[in-house]
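Engineer: One structure coming up, written as structure tokens, with questions to follow.
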There are 2 protein chains.
Amino acid sequence: MTETSVATTETTPKTPETTTTTTAAEENVENGHGEAEATNGSAEIKEESPKEEVKEDPPKEMKSVVLLSFGGYKGVKVLKKPEPTPQNGEVLIRVRSCGLNFQDLVTRLGAIDSPPKTPTILGFECAGEIEAVGEEVEGLRVGDRVVALPEFRAWAELCVVPAKYVYKLPDDISFSDAAAMAMNYLVAYIIVFDLLSLRPGKSVLLHSAAGGVGLAITQLIRTFEGIKLYGVCSKGKHVEVNDGRFDELIDRSDYVNEIRKISPEGVDIVLDCLCGEDCNRGYGLLKPMGKYVLYGSSNVVTGETKSFFSVARSWWQVDKVSPIKLFDENKTFTGFNLRHFLYQQNGADYCRTVIENVFKLYSEGKIKPVIDSVWAFEDVTDAMQKMHDRKNIGKIILDPAAEPKPKPATPAKTKVKKDKKEKVQSPTNEEEKKVDDTAAAAKETEQNGDSKETIEKPTENGSGDKVEENGKEEIKST
Amino acid sequence: MTETSVATTETTPKTPETTTTTTAAEENVENGHGEAEATNGSAEIKEESPKEEVKEDPPKEMKSVVLLSFGGYKGVKVLKKPEPTPQNGEVLIRVRSCGLNFQDLVTRLGAIDSPPKTPTILGFECAGEIEAVGEEVEGLRVGDRVVALPEFRAWAELCVVPAKYVYKLPDDISFSDAAAMAMNYLVAYIIVFDLLSLRPGKSVLLHSAAGGVGLAITQLIRTFEGIKLYGVCSKGKHVEVNDGRFDELIDRSDYVNEIRKISPEGVDIVLDCLCGEDCNRGYGLLKPMGKYVLYGSSNVVTGETKSFFSVARSWWQVDKVSPIKLFDENKTFTGFNLRHFLYQQNGADYCRTVIENVFKLYSEGKIKPVIDSVWAFEDVTDAMQKMHDRKNIGKIILDPAAEPKPKPATPAKTKVKKDKKEKVQSPTNEEEKKVDDTAAAAKETEQNGDSKETIEKPTENGSGDKVEENGKEEIKST
């Protein structure tokens, strides 16, 4: 079950221009959708790798992960793009480490609200050094080590970001830890310190407990005394995840009954990043004076491509809440959407304060991000699939300088089926299979199974063993 | 505008048996409704006072405020009732001071959920000395000074209360301060310390800011630095209420526009005890990351009698909230209903902790209840009317030992009309007038105007002057 990860040391970044995996023709496609249709669905990025070519005069180009069209993985390509230049109020960052977040999957599907125009460079989170500073930027200088939360365009060798979304790194925080922390701990900190009123004796039900945000929330909750923490995640992760972190770990498939067995009267707090039917289930588990925090809607992602049914269901299924009912039942319902807060609701200043507090907790040794694995840009769709399958424990990191993983010549079909059985499917995912909107989508998912197989059993990656150890160590050290 | 109040000193309680205002016949009425119909609507309690009689052998009777039937004031009578005896887990309290709360008005109307059977002794709050202790009571002894929050039956010379709702008083807290604090500061404390996450820079819109709970919340909020507090109450109270308490005081009639003028982007927190249409208005005023706390539904009380329209409107008008909308807008909706929490949801232990914290804040001089006025049991309907008209500033107290106010022999009809004009009517109240369900109700309200006139301009009440001074002093001292 443990994944092999690719370790990269930040002290030896590769010259970005040397590893490119695309063709000149792909760069100039205006309409992402058109391009995607012209491409054979099964032509994954990795299969294009053999066509690798070294350009002769691209002094102003950089490697980036581009979304050409919304939908499946075929719309995601590693392409060379012109190097950006910072404008007023912006800085240019030489990217050393990027964070993969669930909202990248939602963006790829096109299920995100106010989606970007395609083609666009993906990514909300990167860490690196400042390489250039635009006019009217205060407090940031060339050479500064920073982490940034741009709205898109983070997954590239170079990234331009408005200074208000750029945070200086203390010396003791590595780029990968920074990329692993910024978004996840920002969400976790606001939830734990601003939205909850934790007191000894309170009980918390935490969904997606083994994910990046889940583990961040767990660490922050553990800075309080006397909290009962019930984590929900796939059964397969229980042994590895629970190292004193949780009072109970509960399988996703039947968590309502499991909670009722442990605590018949329910829980004081539900932290939900799933949405959909789980909203109603979780609300029903709240004790009087209980609080429901909805901070994500990962249930909209049920297949590789956008399914009308999955999106519609995850929203329609949510019962509206009557204020009178909240009054009668003494309950609180909170929505928290970091993306809206940060980019649309003027939350940048406050988020800066939070990030500074997070760094302080890190320096005090109170928190430490758990990194699941590190991937090359070229392997980003495999990384996405791993997150989609909820197989990660902690944060998934992309490294622009990392080497793509070697692919086996002929993936074994029989093994794929075995792998599928092993997958811990949520009930939602299983339902989704029955109603997925197109046969094509189903086919695509199956093809994706192939490539996943090549990822989940990598062998001769030089740094694999080392990082597997590291990963475990990090999990246990927290 | 200032009301004359009746001061009572707790050191000289009257013998309860001496002041009774009822007839033996009234005691034995089983069906409150029937009794009320048989009574002439204009027969106010006070007019029965001349019939006062001293019973010869009622060694086991006590004076109490009884609700004979739901509806208008005519269902409220001061009656002699048999002295109760504490059962297992209960204590008997010799009552010295009682609190009037808005839920007493809601109870009288029959608009409260799970209403009591009539006839019943009214009241949720009293302070006094323990006179007897039942079996299986720990930590309470005869002679202890206490405040209690029974579910009904508090407004009597003697009151039996389950020990879990009884709180020992520190020596420095008088019975009237205790009765003024218990319910109001319990609500206020839970709202301010548990439900809000106050930080410097946050702005709060507080409805019914001059009421008992409103002023309690205000004092508790002022224990935090840097909070902008906008209070909403009738314009007529602004000068008297605002003694550095509020950053702005806003009239009820157009608070949405007033807030928009002061703070175009809205407020961080809305504290609403009105419900109804005000829920939707207030929710619209919330900033991103804002929090709405609904902790009362006083809009259900729009006339003296229960109006189907007012109750229905105040509930139907409230838009249901979509969790998705809360997620998109980064908002929180909280319901807080102390009555449900305390009596139905096992909240007694927690409330005890809160009450202890409140007493501590009192002893530290950080809070001091504002008492609007003190009334005799016999004047309870006038006290209710004052609260209904939202003319009180701070808590209204009932004192079982207080003398009823003298009534003028012939109320001047012309003066009544003048008085009505002076009343600061909320828009809701005015609307209500147009749709009130019965002409009878309208007539009753007018009659009530008469008696109010007698109350609002009392003259020769011995202790009146003294207390008016006290009242002002208390308001300004906080």
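Engineer: What order, most packed first, do the peptides B:356-367, B:79-90 have when packing is the mean number of other Cβ atoms within 10 Å of each residue? Provide the component values of the computation, followed by the final result.
Structural biologist: On the way: B:356-367: 15.9, B:79-90: 17.9.
My ranking of the peptides, most packed first, is B:79-90, B:356-367.
Engineer: Moving to a separate point now. Please compute the average number of Cβ atoms from other chains found within 10 Å of each residue's Cβ in peptide A:335-347. Please report the intermediate quantities before stating the final value.
Structural biologist: Numbers: counts 14, 6, 7, 1, 0, 6, 4, 0, 0, 3, 6, 4, 3.
Whole-number average of other-chain Cβ neighbours for A:335-347 is 4.
Engineer: Starting from the amide H of residue B:203, placed 1.01 Å from N in the peptide plane, find each other amide H under 5 Å away whose residue is 5 or more places distant or on another chain.
Structural biologist: B:228, B:268, B:269
Engineer: Which percent of the accessible area of the stretch A:186-350 is formed by carbon and sulfur heavy atoms (probe 1.4 angstrom)?
Structural biologist: 51 percent
Engineer: Skip the ligands, DNA and RNA, and give the accessible area per residue of the stretch B:257-306 with a 1.4 Å probe, whole Å².
Structural biologist: I get 27 Å² per residue for this part.
Engineer: Any idea how far apart residue B:360 and residue B:235 come out in nm if each label point goes 7 Å out from Cα toward Cβ?
Structural biologist: Taking the two extended label points, one gets 4.4 nm.
Engineer: Below 8 Å, C-alpha to C-alpha, sequence gap of six or more: please give me the relative contact order for the stretch A:346-409 in percent.
Structural biologist: On the way: 53 pairs, mean separation 22.1, N = 64.
Once normalised by length, the contact order is 35 percent.
Engineer: I'd like to know which of B:299, B:213, B:238 lies farthest towards the positive end of the charge dipole of the stretch B:186-350, counting +1 on Cβ of Lys and Arg and -1 on Cβ of Asp and Glu.
Structural biologist: B:299
Engineer: How much of the calculated P(r) for the stretch B:186-350 lies past 29 Å, in percent of all Cα pairs? Walk me through the numbers on the way to the answer.
Structural biologist: Numbers: 2176 of 13530 pairs.
In whole percent, the share of Cα-Cα pairs in the stretch B:186-350 beyond 29 Å is 16.
Engineer: Here's a follow-up. B plus A alone minus the pair: what accessible area, both sides summed, probe 1.4 Å, in Å² to 100?
Structural biologist: For chain B against chain A, roughly 3300 Å² becomes buried.
Engineer: Also, I was wondering about something else. Once both labels are modelled 7 Å past Cα along the beta-carbon direction, what's the residue A:138-residue A:280 spacing in nm?
Structural biologist: Output for this residue pair reads 5.2 nm.
Engineer: I would also like to ask the following. With θ set to phi - 60° and the Karplus curve 6.51 cos²θ - 1.76 cosθ + 1.60, what are the ³J(HN,Hα) couplings of the stretch B:271-278 in order, to the nearest whole Hz, using x for Gly and Pro?
Structural biologist: 10, 10, 10, 9, 6, x, 4, 5
Engineer: A follow-up question, please. Per the Kirkwood definition applied to all pairs of different Cα atoms, how many angstroms is the hydrodynamic radius of the stretch A:132-257? Intermediate values should be presented prior to the final figure.
Structural biologist: On the way: mean 1/r = 0.0595 Å⁻¹.
Taking every pair of different Cα atoms in the stretch A:132-257, averaging 1/r and inverting gives 16.8 Å.
Engineer: Mind checking A:286-295 for the average number of partner chain beta-carbons within 10 Å of each residue's beta-carbon?
Structural biologist: That works out to 4 on average.
Engineer: Another question about this same structure. Taking each residue of A:271-281 in turn, how many C-beta atoms of other protein chains fall within 10 Å of its C-beta, and what is the average?
Structural biologist: Average per residue, whole number: 1.
Engineer: Let's see if you can work this out: charge +1 on each Lys and Arg Cβ, -1 on each Asp and Glu Cβ, no other charges. What is the dipole magnitude of the stretch B:159-254 about its Cα centre, in debye to the nearest 20?
Structural biologist: It comes to approximately 260 debye.
The values are calculated or read from the model by the stated rules, or taken from the named source; none is laboratory data. Note that this is a predicted model, so its numbers are computed, not measured. Please note: Cβ atoms are built from the backbone with ideal geometry, for glycine as well, and neighbour counts cover all protein chains shown. Note: areas computed on protein heavy atoms with side chains; ligands, DNA, RNA excluded. Shrake-Rupley method; radii C 1.70, N 1.55, O 1.52, S 1.80 Å.
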